[in-house]
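Note sheet for the following structure.
Just so you know, all these numbers are worked out from the coordinates, no wet-lab data involved. Owing to the predicted nature of the structure, the values given are computational and were not obtained by experimental measurement. Note that we place each Cβ from the backbone using ideal geometry, even for glycine, and neighbour counts take in every protein chain shown.
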Amino acid sequence: MAEKHAITLNANGKDYRISVEARRTLADALRDDCGLTGTHLGCEHGVCGACTVLVDGKPVRSCLMFAVQAEGQAVRTVEGLAKGEVLHPLQKAFWENHGLQCGFCTPGFLMLATGALEAEPDLSEAELRDILSSNLCRCTGYQNIIKSVCAAASEMRACPPSADR
Amino acid sequence: MSWIGRSLPRLEDPSLLVGQGRYVADLARGAAAVKFVRSPIAAGRILGIEAPEGELVFTAADLAGVRPICPILHRPDYIAVEQPVLAKDRVMFCGQALAIVVAADQGLAEDLAEQVFADIEAEDAIIDFEGALAEGAAAVHAHAPGNVLVEGKLRSPGLDAVFADAAEIVALDLRSGRQSAMPLEGRGGLARYDDISGRVTLYASVQMPHMLRTGIADTLMMPESDLRVVAPDVGGGFGQKMSLFPEYVALVWLARHLKRDLAWIEDRRENFLASAHSRDQAFSVRGAFAKDGTLLGLDADLKSNVGAFSCYPVTCGVEPLMALAELPGPYKVAEYGVRSRGVTTNTGMMAPYRGVSRPMLTLTMERMMDVAARRLGLDPLEIRRRNLIDTFPHRSPTGLVYDEGSYKEAMERAAEAIDVAAFRERQAKARAQGRHLGIGFSVFSERTGYGTPAYAARGMGIVPGYEIVSCTMDPSGFVEARIGSSPHGQGLKTALAQLIADELGTVPEKVRIISGDTDATPYGWGTFASRSMVIAGGACKLAAGKVAVRLKIVAAVLMQAKAEDVVLEDGLARVVGTNLSLPIPEVARAAYHQSHRFPEAGPGLVENATYDPGGTFSNACHACIVEVDVETGGVTIERFVVAEDAGLLINPMIVDGQIHGGVAQGIANALFEELVYDETGNLLTVSLADYLPPTIAEMPTIEIEHLVTITDASITKAKGVGEGGAIGAPAAVLNAIVDALSPYGVELFQMPATPQRIRALIRDAERKAHG
């Protein structure tokens, strides 16, 4: 139907030259045009947060942002968290603490927590709970999610991941 | 070294953590998009459907040769109803699919769907029990006047006598709101058409891939072998993904008709409207008690709103018949009378959801115990002590046989952990300050791991229950187990790998579990009803055990020992009492490549095994402390204790995860979630913002105590644990709310216990108090 716009989307440090309708969401562009399917869509209403990515370091619901709005900004998705084979402290903590079951919400929680802890490494458990309450999980009852995030937060404080992105 | 009992991090996780999970939508790039045009009207006659010319739009007329979905129960009280793939002549509920559109991408498909117009002559919709069961009510299905699709009854001969002699009769009317299992990933399918073979591969977010294949093949009248169903990574199911839905039939039909790849990925609104619902139940129950609190008899009228159709394969009997069979739960009841009905309405179809009827049964029994205790002047725990089953095997009034459990012990453990005496002190102090704290208990049984006998007893036309496992050790010593069960987030593969590793003396990392692919796994029933660890686990243990026998024969020949002296452990085949050993991979290679030397073992290391057990019962007690804000009606859960007996724990971390998630859904059912229809049958709650699933802000920390009863009813000694959290939590929460509000003398028999409902109770109590 509508005219397409050629844009360059920078995701995980890589430029993707894509052509999208103005109405195409960032989530759809990441998934369908860039092939980054780690970002999941749980509601497309901005409620569940499964599609959370970082845009210029800030957590964003990628279902509520248009792809064309993200041009010129640095987008980070779950695919960019690990360095090669080495898991990010949050990924490692989710694994060790059973912070995921079906795994559908996990990329959103990982990016939300990454954004929060990069901005403020010294968040308390109460503050982290407050931040994590913006996303939904149906499997875990959240107990092992907060446990994982707290474990990762202390590891990140002890040994900050290098900010080379 | 045993792997059983260790909290091994899950083998499933690495790919999911780095964004390399493969959910259906992730596979759908390049496929054409399918969108269903859905009825905005709950009941009415279809006068016509207009669609733009030259576009790919299909209606019921195009699907003329396709059979309706029509599951069967062999019971005289069951009326079968047909669910067409697309509505034909009439619409039966708001959200029913009327037409299919196909376009190059999702956006274009949505644009096209908006140009399809259905002319529907609306009729009065029947939404609830009152409407459906009213004298002279219109029939939702013309051949089912009275709107009851299934009705089970039974009455023990001494029932009237115990009510006549009872010291106290407790009569309760309980209500559960309609709820959605609400997996975070909705339903979805990708049908790939193979030009050369004409075969279709359907990737679908489902719990029962083999059953889906049978169901689709039957409705399309095609050979099953022309269809492969694959359940890739599945983003939660909780029962909602275990039924055959029209959308999957349509996808396979379209792929064969258009000879192309097509994907349907439902959106959240569609998931609420057109996927399965559950728990819309109303129970009227009377309990006859002796003066000492003994429950003498139970007389129940149970109604389940099953919606417009009957879910395949388990049918709309699943909620009503579970309710009938299991109402007494963990309590001794000598006399039992029950009438349980599945009532059809112009609403979304009911299908299983984690717990199936038992959240409501447990709410019923546990509220009854508290009410009876108060009237008889007994402590709530004491009345339970006097009635809980404590000799095993226990035979219930409906003939269920309970294996060994720890019903009383679990309750005592929960009471101790939550410290009732200390709480009562704290409660009194808080009351003096105008704060309302309350404590509530919920004791329950969770029937799990039941095979064909249980389903056959229900009269199901399709009788599920067994699992077949094919276990292979390859020449390099790696193990593959192909299972018919189909996990969707539980971590089953890790737990099964632990079990198999112990049988074969290897490590879980060398055990690959293959599931969810009808081309690669034996026919099986999938993952539901807390069955997989018991049944697929049992079959894995048997199959791996048979492989172990052959390995030992080969090893014995190689080491010139007796097979019965060979043990498999730590990667070695060892001869006991000697220092002889061989690495297992060396033995495995010999089994394939030197088979002429081992005629007794035969070539290779492949074994099948089937397990079809009668079932077992897990048990638990939930205890929780809440604070009720009497100004707002808001409830905060301060503590939540679970004392759980799920038998032997294969992976305790995974078991705890199941409990956490189950309790969270139980709390959601108790306090927040409800699907609400308006009087015309229009669903009002179609986003997550309306449906109110809890976030971390609403969730307490769950404290878990494990009891371990070793049962003979499960060969792995594991009992199922998937549903317990959801079964027990609502009753504990509601009992705690009533306890908190005891100064007002209110009773609460409805879930969700929303702030509005709690405020209404308090307001009424205050009005009465002030005359």
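Selection among B:691, B:294, B:626 by position relative to the dipole of the protein assembly as shown gives B:294 as farthest towards the positive end (Cβ unit charges, Cα centre). Considering all C-alpha pairs of segment A:4-80, those separated by over 19 Å amount to 21%. Assuming a ≥ b ≥ c are the square roots of the Cα gyration tensor eigenvalues, decide whether segment A:89-158 counts as rounded (a/c under 1.5), prolate (otherwise, with a/b larger than b/c) or oblate. Since a/c reaches 1.5 and a/b is larger than b/c, the shape of segment A:89-158 is classed as prolate. If both residues of a DSSP beta bridge must be in segment B:466-611, then about 80% of such bridges are antiparallel.
Only helices enter this figure: runs of n ≥ 4 DSSP H residues, each worth -39500 (n - 2.57), summed and divided by the residues of chain A, yield -8500 deg cm²/dmol at 222 nm to the nearest 500.
DSSP beta bridges fully contained in the protein assembly as shown are about 80 percent antiparallel. Calculated FRET efficiency, residue B:678 to residue B:1, Cβ-Cβ distance, R0 = 60 Å: about 0.50 to the nearest 0.05.
Which of the helices in chain B, when you take each full DSSP H run, stretch at least 30 Å along the axis at their Cα atoms and have an average Kyte-Doolittle score of -0.5 or higher?
On the way: long enough: B:532-559 (38 Å, 1.50).
In chain B, the long hydrophobic H runs are B:532-559.
From the alpha carbon centroid of segment B:455-493 to that of segment B:198-215 is 16 Å. Here segment A:89-158 is assigned +1 on the Cβ of each Lys and Arg and -1 on the Cβ of each Asp and Glu. Its dipole about the Cα centre then comes out at about 300 debye.
So what is the 222 nm mean residue ellipticity for chain B from helices alone, if each DSSP H run of at least 4 adds -39500 (n - 2.57) and you divide by all residues, rounding to the nearest 500 deg cm²/dmol? Mind dumping the intermediate values first?
Numbers: 21 runs with 235 residues, N = 771.
About -9500 deg cm²/dmol.
Would you mind ranking B:578, B:315 so that the residue whose beta carbon has the fewest other beta carbons within 10 Å leads the list?
Values: B:578 10, B:315 30.
Ordered from fewest to most neighbouring Cβ atoms within 10 Å, B:578, B:315 come out as B:578, B:315.
Please grab the % of Cα pairs in chain B that end up more than 38 Å from each other. Beyond 38 Å sits 41 percent of the P(r) for chain B. Net charge dipole, segment B:428-569: roughly 800 debye, given to the nearest 20, about the Cα centre with Cβ charges of +1 for Lys and Arg and -1 for Asp and Glu.
Once divided by 2.2 N^0.38 Å, the Cα radius of gyration of segment B:562-624 becomes 1.83. Given the pairs B:35/B:510; A:92/B:552; A:92/B:408; A:92/B:493; A:83/B:541; A:147/B:493, which span a C-alpha to C-alpha distance of over 31 angstrom in this model? Checking Cα-Cα distances, B:35/B:510; A:92/B:552; A:92/B:408; A:83/B:541 exceed 31 Å.
Computed from phi, the 3J(HN,Hα) profile of segment A:74-86 under the Karplus parametrisation 6.51, -1.76, 1.60 (θ = phi - 60°) reads 8, 9, 10, 10, 4, 5, x, 6, 6, 9, x, 8, 8 Hz, with x in place of Gly and Pro.
Under 8 Å for C-alpha pairs, at least 6 residues apart: give me the relative contact order for segment B:106-238, rounded to a whole percent. Intermediate results must be reported in sequence, preceding the final value.
On the way: 103 pairs, mean separation 21.9, N = 133.
Relative CO of segment B:106-238 lands at 16 percent.
For segment A:89-158, averaging the sequence separation of C-alpha pairs within contact (under 8 Å, six or more residues apart) and dividing by the residue count gives a relative contact order of 54 percent.
Spacing of the modelled spin labels on residue B:456 and residue B:301, each 7 Å from Cα toward Cβ, amounts to 3.6 nm. Dipole magnitude for the protein assembly as shown: about 1280 debye, using +1 per Lys or Arg Cβ and -1 per Asp or Glu Cβ, origin at the Cα centre.
The residue among B:448, B:108, B:285 whose Cα reaches farthest toward the positive pole of the charge dipole of chain B, with charges on the beta-carbon of Lys, Arg, Asp and Glu, is B:448. Counting every Cα pair in segment B:466-611, what percent are over 28 Å apart? I get 19 percent for the Cα pairs in segment B:466-611 exceeding 28 Å. Rounded if a/c is under 1.5, else prolate if a/b beats b/c, else oblate: with a ≥ b ≥ c from the C-alpha gyration tensor eigenvalues square-rooted, which is segment B:13-55? Taking the square roots of the gyration eigenvalues as a ≥ b ≥ c, segment B:13-55 is oblate.
Rounded, prolate or oblate: pick one for the protein assembly as shown, where a ≥ b ≥ c are the square roots of the eigenvalues of its C-alpha gyration tensor, a/c under 1.5 means rounded, and failing that, prolate if a/b is larger than b/c, else oblate. Here the protein assembly as shown falls in the rounded category. Taking the charge dipole of chain B about its Cα centre, with +1 at Lys and Arg Cβ atoms and -1 at Asp and Glu Cβ atoms, the residue from B:73, B:667, B:140 reaching farthest to the positive side is B:73.
Taking the square roots of 5 times each eigenvalue of the Cα gyration tensor of segment B:1-148, largest first, gives ellipsoid semi-axes of 38, 29, 14 Å. When only Cα pairs below 8 angstrom with a gap of at least 6 residues are kept, chain B shows a relative contact order of 16 percent.
Can you give the extra length, in nm with one decimal, that the chain gains between residue B:569 and residue B:592 once fully stretched, where that is 0.36 nm per residue apart less the Cα-Cα distance? All intermediate terms of the calculation are to be shown ahead of the outcome.
Numbers: separation 23, 0.36 × 23 = 8.28 nm, distance 2.06 nm.
Here the segment from residue B:569 to residue B:592 would lengthen by 6.2 nm.
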